[in-house]
Amino acid sequence: MITPTATLPMTTATDILTLTQWFSPSYPLGSFAYSHGLETAVQDGWLDSAAALEDWLRDVLAHGAGRCDAILLRAGFACDGPEALGAVDAAALAYAASAERVLETTAQGTAFARTTQDIWADVVPAQSLPVAVGYAAARRGLPLDLTVTLYVQAFASALVSGAVRLVPLGQTEGQVVLQRLGGLCESITRRSQGATLDDLGGSCFGADIAAMRHETLEHRIFRT
């Protein structure tokens, strides 16, 4: 395993530009197609306002996929070869709460790996999204904590964008929610420092059930 602190350079403008490109909505991951169970919650009337959305996302980030993905990204960053990477990816898939969650992370991870390899010529295996991002960030020598923070924010941003369309919310309302989540994204980064795969786990049962029930919705806009 790579020791993350031994590979971190000072943050440069190039590092920041690379990460903002990776986490931009224009990077072809197809993230616009996934709601992470949000579509079910909206249809059931659980989310009908910006305040309700913020509460939902705070739980998902702090106690669900946001926290777990931060840990998995760090684990992917530390991998020094295919065997270690495969073990981390297996853990990522084992902790996915539904078949659609597996689709969400593997489809986006495959798209990320393909695009990143085509642009930078780094060999990035097709893994679940946080594992692929962590592995690629290490190969690029990118700062780990900044990568984690921007990854979590990008995850939140994609869900806010989905909610703007689903609830619906105004664009400004959505951006206010995202801005208010910024401190939590930083907190998740700090709290995931030193975490291992043994620390994986979540307690967002409502979001998990919503993701499972999405598979049987009669009318769906999103894939998950």
I want to confirm something. Restricting to region 187-214 and keeping residues that are exposed (fewer than 15 other Cβ atoms within 10 Å of the Cβ) and in a loop (DSSP other than H, G, I, E, B), which single residue is modelled with the lowest pLDDT? 203
Out of (1) surrounded by fewer than 24 Cβ atoms within 10 Å (Cβ to Cβ); (2) of a type in the set (Ser, Thr, Tyr); (3) over 23 Å from residue 214 (Cα atoms); (4) under 12 Å from the mean Cα position of the chain (by Cα), the odd one out for residue 151 is which? (1)
Just the residues that are in contact (Cβ under 8 Å) with a residue 24 or more places away in the chain and among the small types (Gly, Ala, Ser), please, taken from region 69-86. 70, 75, 76, 78, 84
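Residues of region 177-224 being of a type in the set (Lys, Arg) and within 30 Å of residue 143 (Cα to Cα), which ones? Spell out the reasoning first.
Let us first name the residues in region 177-224 that are of a type in the set (Lys, Arg), namely 180, 190-191, 213, 220, 223.
Selection gives 180, 190, 191.
Just name the residue that is farthest from residue 154 (Cα to Cα) out of those in region 7-34 that are part of a helix (DSSP H, G or I) and of a type in the set (S, T, N, Q).
So the first thing to find is which residues in region 7-34 are part of a helix (DSSP H, G or I), and the list is 13-22, 31-33.
Checking the rest, the ones that are also of a type in the set (S, T, N, Q) come to 14, 18, 20-21, 31.
Values: 14: 19, 18: 14, 20: 9, 21: 11, 31: 10 Å.
Checked region 7-34; the qualifying residue farthest from residue 154 (Cα to Cα) is 14.
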When residue 112 is run through (1) over 26 Å from residue 13 (Cβ atoms); (2) touching a residue at least 24 places away in the same chain (Cβ under 8 Å); (3) within 14 Å of the chain's Cα centre (by Cα), the failure sits at (1)
Quickly run through region 130-148 and pick out the residues that are assigned to a helix (DSSP H, G or I) and surrounded by fewer than 24 Cβ atoms within 10 Å (Cβ to Cβ). 138, 139, 140, 144, 145, 146
Listed residues 217, 184; which is assigned to a helix (DSSP H, G or I) and either surrounded by fewer than 19 Cβ atoms within 10 Å (Cβ to Cβ) or of a type outside the set (Asp, Glu) (or both)? 184
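Within region 65-84, can you find the residues that are among the charged types (D, E, K, R) and modelled with pLDDT under 95?
Of the residues in region 65-84, the ones among the charged types (D, E, K, R) are 67, 69, 74, 80, 83.
Within region 65-84, 80, 83 qualify.
The values are calculated or read from the model by the stated rules, or taken from the named source; none is laboratory data. Computed from a prediction, not measured in an experiment: that's the story for all the values here. Because the Cβ atoms are built from the backbone with ideal geometry, glycine has one as well, and the counts that use them run over all protein chains shown.
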